[in-house]
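Take a look at the structure set out below.
The values are calculated or read from the model by the stated rules, or taken from the named source; none is laboratory data. For clarity, every value in this text was computed on a predicted model and none was experimentally measured. Counting neighbours? That spans all protein chains shown, and the Cβs are built from the backbone with ideal geometry, glycine included.
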Amino acid sequence: MTRILRLLSHLLPLLALGVIVLGAYVRLSDAGLGCPDWPGCYGHVTVPSHDANVHLNDPNWHARPLEAGKAWREMIHRYLASTLGLGIVVLAVGALSSARRRAAGLSPVVFLLVPLVIFQGLLGMWTVTLLLKPLVVSAHLLGGLATLSLLWWNLLSVRGLVPVAATRGAVAGLARVAVLVLVAQIFLGGWTSANYAALACTDFPTCQGSWWPNTDFHEAYVLWRGLGINYEFGVLDTPARTAIHVGHRLGALFATLVIASAAVLAWRTRESRLRRVASCILAALALQVCLGITNVLGGLPLPVAVSHNGVAAVLLMSLLTLVHFTRRKESLPSC
């Protein structure tokens, strides 16, 4: 059983990363409502083979003809997410035995994963039933990243990666701040995508030929607009979408400065493990900035946009590794 728990600890973070990237692909390819019901697809456990198999007695189904490609993308994402949830339950059940937990080196965070993945499933359902409401879509993205983060933290524990003995307090503090800043920036990115504001500016570094275009920040960040609204392809006017895009750019600038500062400070400690992590952070950060600029200038090419989501997850994992290495030994929870 210990071997199974260790194997799951290694496989589940990879699966979680795959689910996040596939979820981005589903969202960015406009397949989020490929199946207008949940958890099935047009009343089936799999995608119907042709329109004749779709029962049209539900008005929502009748208003959305079956597009098999989009439906399959949505259902494959659900299948993988369900597999991830099952794996998390197995991991948590196995960790109930303190002897097995210590033998496998599991972190207590595995017990947080079960309620988190249940709530994440609910967010997945609400994403469909509430017709891609931006707040739900953005929360679903953050929930996926929170799941990945806990699984990654557990893997670092399983691999026995202990804190660096001579860590400067400034590195530890700034690493934690960088994680919070990155999470906020990821929310801004999810909000941009969910409101279809990624192409509100198609030039860089200016926006619509201006350093400060016409914006409407009041409408841009209204989190809840009531029920019964279909948000597919967005409902905001141009100034509001422009404000969202500009907000994401400003957040990206601030996040870049904070994350780069944390990485440079870690590099200057001259500790080999911290230097390796800092190198990964800086590489992921540089790639992320390049992908963001390419999204703007290239008109949001799908592979680049999906990669932008995936690299954000990798950057978060790298920062969490830095936090793991710079935590205080005496504050560690017992396994």
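Before moving on, here are some points about what is shown:
- Under the condition of being surrounded by fewer than 18 Cβ atoms within 10 Å (Cβ to Cβ), out of contact with any Ser or Thr (no Cβ under 7 Å at 6 or more places or on another chain), part of a helix (DSSP H, G or I) and touching a residue at least 24 places away in the same chain (Cβ under 8 Å), the residues counted in region 292-309 number 2.
- Residue match in region 74-89 (condition: at pLDDT 95 or above, within 28 Å of V158 (Cβ to Cβ) and touching a Ser or Thr at 6+ places or on another chain (Cβ under 6 Å)): no
- Only one of the numbered conditions (1) in the same structural domain as L86 (by TED's automatic domain parsing); (2) free of Cβ contacts under 8 Å to residues at least 24 places away in the same chain; (3) surrounded by fewer than 20 Cβ atoms within 10 Å (Cβ to Cβ) is not met by S210, and that is (1).
- Hey, V277 under 18 Å from the mean Cα position of the chain (by Cα) and surrounded by 15 or more Cβ atoms within 10 Å (Cβ to Cβ) or not: no
- Whichever residue in region 50-73 is of a type in the set (G, A, S) and closer than 14 Å to C35 by Cα and, among such residues, is modelled with the lowest pLDDT: A63
- Of the residues V258, V246, V277, the single one that is in contact (Cβ under 8 Å) with a residue 24 or more places away in the chain, touching a strand residue (DSSP E or B) at 6+ places or on another chain (Cβ under 7 Å) and assigned to a helix (DSSP H, G or I) is V246.
- So V179, is it surrounded by fewer than 21 Cβ atoms within 10 Å (Cβ to Cβ), of a type in the set (A, V, I, L, M) and closer than 18 Å to L17 by Cα: yes
- From the options V158, V162, residue that is touching a Lys or Arg at 6+ places or on another chain (Cβ under 7 Å) and over 29 Å from T294 (Cα atoms): V158
- Qualifying residue in region 84-97 (condition: farther than 21 Å from T2 by Cβ and in a helix (DSSP H, G or I)): yes
- Yes/no for A266 being out of contact with any Phe, Trp or Tyr (no Cβ under 8 Å at 6 or more places or on another chain) and part of a helix (DSSP H, G or I): yes
A quick yes/no check of all residues on (1) at pLDDT 95 or above; (2) surrounded by 15 or more Cβ atoms within 10 Å (Cβ to Cβ); (3) under 30 Å from S261 (Cα atoms):
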site: A104; (1), (2), (3): no, yes, no
site: S107; (1), (2), (3): no, yes, yes
site: L112; (1), (2), (3): yes, yes, no
site: L123; (1), (2), (3): yes, yes, no
site: L135; (1), (2), (3): yes, yes, no
site: R159; (1), (2), (3): no, no, yes
